[in-house]
Each structure stands twice: as structure tokens, then as C-alpha cells.
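The values are calculated or read from the model by the stated rules, or taken from the named source; none is laboratory data. Here the structure is a predicted model, which means the values were calculated and not measured. Backbone-built Cβ (ideal geometry, glycine too); neighbour counts: all protein chains shown. These accessible areas exclude ligands, DNA and RNA; they are computed on the full protein's heavy atoms, side chains included. Shrake-Rupley method; radii C 1.70, N 1.55, O 1.52, S 1.80 Å.
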Amino acid sequence: MTKVTGTVSDSKTAKDGSGSWPAGSHHRRAGWWSVLAVSLLCSGIFILHGMRMITSKSVTFDETIYAVLAQGTRALKAPDPRLATFGVAPLPVWIAHLPTQWDHGQWRDRLTEGLPGDAARVRRARWIALFAFGVPAIVLVVAWLARRQGWWAGLAGGLWLAGSPSWIAHGSLATTDAAVALGLLAVAAATAAAWRAPTPMRLILLAVLTGSAIAAKYSAVVGLPLAMLAVARFSWRPAGAWIANILRVLLGGIAFLALSLSVTWMWHGCEWVEVEAVDGPLHVEASPSWLPAPVAGMLAQWRHQQRGHSAYLCGEVRTHGWPFYFPVAMSCKSSPSELVSLLAVLVVAPVVLAIRFIRRRGASRQVGFPRDISVVTWTLLSWMMWLAASGSSVQIGHRYLLVLYPLAIL
């Protein structure tokens, strides 16, 4: 009896290389064949829902812009410079729209004016986006849950996301929202993996995924602090001096940023873009500057934030938004189960993690709570997205928080 108890105790207190207890014991984790079967089932259900959305929903404002930019790119045989000057990230345009415009290159001055042939091409672009962004996010959720808690958890999470009205709506459109949600989920998964086993190859993969997420939508820069946690863990030496550790973390962070933004620039075709200068407070005229395309794109988004954007809420129209816009929008746009899960990840999870951290610091490691970096990652990313969106002056849809739905399900 004593021997059995000791064996169970040893297995419960076992830790991985990071000093953290890996979530789920090995006998509960689903095999890859189970993950594949569950992923196919959940993806099939999502595709059936997406088929109806693709054929029944009219072309959106953003899809028209991306189709015109893809046509301009095909006509120039080089990235359309208006991608960066209008603050449009290139990855969704290249993956979803450019293949459907391959035989239809033309330069169109009016980005928001549709032509009769655009609708059919946009529908084809939606099919590409469905399989390129919507389905992989479901597979990622299934795999992450199944490998941690078993196939039943992967099935529950996959079905929940496959039946989410918000994910069905935006995962079936050829826009940036599902693309950046998938990108941020991949960054979160790579951050958790790099934290558990910080190796150079895992950090390089994390940088590539971070740069690609930013290329999907510039708002993905909010995921950079999350990735920097893994960089800091890799650079920090417990036995080293404080000053040396801080220098290593700074140098590691600079190298990581350089690699990530280089990947983003590669998605732009390493293009330089001419950007018009904006008069400063002294109204001194300045000549236009040539900037790397990602820098020009982020600058365009920053200027957009300064100008604001006309938005509607509860009978009012404002240019710079409301402090309560996203709570109202998510309450109206979420199903009851999604709303409960969103409250859990934004309110309950931080409180529980704080209590566990305090108890762990006050007790011995055998008595304290095990640390689960995946849960910490989901919670931190959720809060970073929420704070970034709430502080934004562009409030034109709860789709800006689309990544919160898979995070809350996880």
C-alpha cells in the first residue's frame, strides 16, 4: 500500500523540463489518430455551416477592397503599394484573393466600387479562406485540448467552435479577422511550447508565426509581449548576475523583433512604400519618406486611430467610440454559452490564477498548485486583446475580438 501510494505521489509531483506540471497525465492524452478523427468530424460540421454562409451572404466592404488590391497586384506583377498605404495586411489578400484574380489583373482607382464579376471571385476566395483559416483554427483547438485532456475534451471544444455563430460568420469570409485569430492562436501555442522547453528552434518558429500573424492583421502586434515571455525565459540564467541577465533579455528581444518583422516584411515582398508626411504641430511641411511596407502599414493604422472611424451604437454615432462598446457588442453577438465562457476567461481565470500564484509562493512546491502555462497563455492573450480593443478609437464590430471565442473555449 505504501509502495502504490508513493508511486502515485511521485507521478503527481513529476514535472517537465520547465519545472511545471504538464497538464493531463499521459494515459489521458489522445493519440494523433483520435485527434485526426475528431478534427475531421468538427471541421466537417463547420464546413456545412460555412457553405450556407458563403452562398447566402453578400460581398462585404472589406472583401471588395481586398479583391481590387489583388487585381492591382496581378496587373503590376508586384505587391500593390496601396496595401501598405491603406493599412491592409497582405497575408489574407495573397492567400484568399490573389488566386481567384490570377487571370484578371487590372488597375482600379476606386477600391470600394465593385464590378459585376467581383461577386463570383469573392465567393471562390471565401472557399479558400474557409479551408485556410477557419478549419485550421478548429483543428488547433481540437489538438490542443485533446493532447492535454483527452479526445472527449477535443471533441467538446471542436464542436463548440464549429457551431459558434461568430466563428461561422467570420470564418466563412475572405477577410482578415479569422486569419489573425488563427495567427494569434498559433502564437499562443508556440509560446506555451517554447516556455516548457525553450530551445533556439522553438523560438525561431515562434518568431515566424508572430511575423505571419502580424502580416495577417497589424493588430496582432498585441501578441508580441506574450511571445517575449518565452524569449525572456530562454535568455534568463537563474545563476547569472542581474545586469547580465537583463542585457541578455534585451538582446534576445531585439533579435526576436528583428526576425519577426523581417518575416512580416517578406509577406509584403520586401517592398518599400512612399508615405506622405503629415504636418506636425508647427505645420512644417516635410517631403515624403520611403519606408518598409510593414512600417508604412502600421503607420497608416496609427493615423486611422488618430482620425477615428464613424461607428454606431444604441442610436448614437461617434467617431472615437465608447468605453462600453465591446461589452454591449459581445453581449448582443454571443450565444449564452459563449457569453458565460467569455466572462470566465476575462474575469474568473485571472482571479483563480492570482490565488494559485499567491498560495504557491506561500507554500512549499509539493503543496502549491501546479503551474499550467497554457491556461496562463490563454488568459494573458485574452486580456491583451480586450484592453487593446477597448482602448481603440476604431469600434466598428465585435469581430475585432474574434480570437476571444476560441480562447474562451480552450
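For the options His268, His97, His49, a Gaussian network treatment of the chain with springs between C-alpha atoms closer than 10 Å singles out His49 as fluctuating the most. Label-to-label distance, Asn245 versus Trp302, with points set 7 angstrom from Cα along the beta-carbon direction: 3.3 nm.
Taking a quarter of the surface of the convex hull around the Cα atoms of segment 31-70, what do you get in nm²? Mean orientational projected area (segment 31-70, Cα hull): 4.2 nm². Ranked from largest to smallest solvent-accessible area, with a 1.4 Å probe on the protein heavy atoms, Leu342, Leu224 come out as Leu224, Leu342.
Legend: helices of the chain (whole DSSP H runs) are marked when their alpha-carbon atoms reach 27 angstrom or more along the helix axis and their mean Kyte-Doolittle hydropathy is at least 0.5; marked are 32-56, 177-196, 242-267.
Ala354 to Ser262: extension gain in nm, 0.36 nm per residue of separation minus the Cα-Cα distance?
29.5 nm
Given their separation in residues at 0.36 nm each and the Cα-Cα distance between them, Thr60 and Leu205 gain 48.8 nm when the chain is fully extended. In this label model, Ile254 and Ala197 are separated by 3.1 nm, measuring between points 7 Å along each Cα→Cβ vector.
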